[in-house]
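Worksheet: one structure, shown below.
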Amino acid sequence: MLTQRWRPDPAASLLLAAADPTIAGALVASYFCSFEASLCSIRHCPCNIIPGVLPDLEMADIAALIAPRPLVLEAGERDHIFPIEATRRSFAQLAPVWEAMGAPAPELVVTDAGHAFRAERSLEVLVQRLG
């Protein structure tokens with residue numbers, strides 16, 4: 001019996017979609033930000049650390065590898081691990097990549113939550129984009 005609510009791994013979602021072009025699209029929740037503002041700024045479990053990625057690549061660079069496929073990012077307004085202002089700054093770097101490829105830009109769904117996957121609007125957007 002499953003006793004915990006299932007939650008997809010956001011780091012794996014981002015990295016797998018970036019590395020595997022056969023994946024149709026991605027939803028990354030409660031993770032997209034910048035490494036500098038999130039994982040490098042606080043003590044964090046090693047599950048999200050990618051050895052050797054900094055200083056050459058930031059999270060937005062990895063996300064850009066998903067283009068031109070659909071990408072939906074969900075973030076909490078009050079997430080203390082992945083600060084929303086840094087998330088917005090990183091997100092602003094993505095649209096030009098998709099636009100240069102003639103594809104719809106990624107979407108950032110901001111919830112009123114903290115570090116939590118709400119899925120309401122972000123799942124709708126992903127389904128529409130994959131449709």
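The values are calculated or read from the model by the stated rules, or taken from the named source; none is laboratory data. Note that the coordinates shown come from a computational prediction; the quantities given were computed from them, not determined experimentally. Positions of Cβ are generated from backbone atoms using ideal geometry, with glycine treated the same way; all protein chains shown enter the neighbour counts. Surface areas here come from the heavy atoms of the whole protein model, side chains and all, with no ligands, DNA or RNA. Shrake-Rupley method; radii C 1.70, N 1.55, O 1.52, S 1.80 Å.
Data table
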| read-out | value |
| --- | --- |
| Among (1) open to solvent by 30 Å² or more (accessible area, probe 1.4 Å); (2) in a helix (DSSP H, G or I); (3) more than 20 Å from ASP9 (Cβ to Cβ), the one test that LEU123 misses | (3) |
| Enumeration of residues in region 49-89 that are in contact (Cβ under 8 Å) with a residue 60 or more places away in the chain and of a type in the set (Asp, Glu) | none |
| Test set (1) in a loop (DSSP other than H, G, I, E, B); (2) closer than 18 Å to LEU27 by Cβ; (3) out of contact with any Gly (no Cβ under 9 Å at 6 or more places or on another chain); (4) not acidic (Asp, Glu) - TRP98 fails condition number | (1) |
| Residue, modelled with the lowest pLDDT, within region 9-31, restricted to residues that are assigned to a loop (DSSP other than H, G, I, E, B) and out of contact with any Gly (no Cβ under 8 Å at 6 or more places or on another chain) | ASP9 |
| Of all residues in region 32-59 being surrounded by 21 or more Cβ atoms within 10 Å (Cβ to Cβ) and modelled with pLDDT under 90, the one that is farthest from PRO104 (Cα to Cα) | LEU39 |
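Yes/no matrix, rows are residues, columns are (1) among the hydroxyl-bearing types (Ser, Thr, Tyr); (2) assigned to a loop (DSSP other than H, G, I, E, B); (3) in contact with a His (Cβ under 8 Å, 6 or more places away or on another chain); (4) open to solvent by 40 Å² or more (accessible area, probe 1.4 Å):
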{"position": "ASP61", "(1), (2), (3), (4)": "no, no, no, yes"}
{"position": "ILE66", "(1), (2), (3), (4)": "no, yes, no, no"}
{"position": "ALA75", "(1), (2), (3), (4)": "no, no, no, no"}
{"position": "ILE81", "(1), (2), (3), (4)": "no, yes, yes, no"}
{"position": "ARG88", "(1), (2), (3), (4)": "no, no, no, yes"}
{"position": "PHE91", "(1), (2), (3), (4)": "no, no, no, yes"}
{"position": "ALA103", "(1), (2), (3), (4)": "no, yes, no, no"}
{"position": "VAL110", "(1), (2), (3), (4)": "no, no, no, yes"}
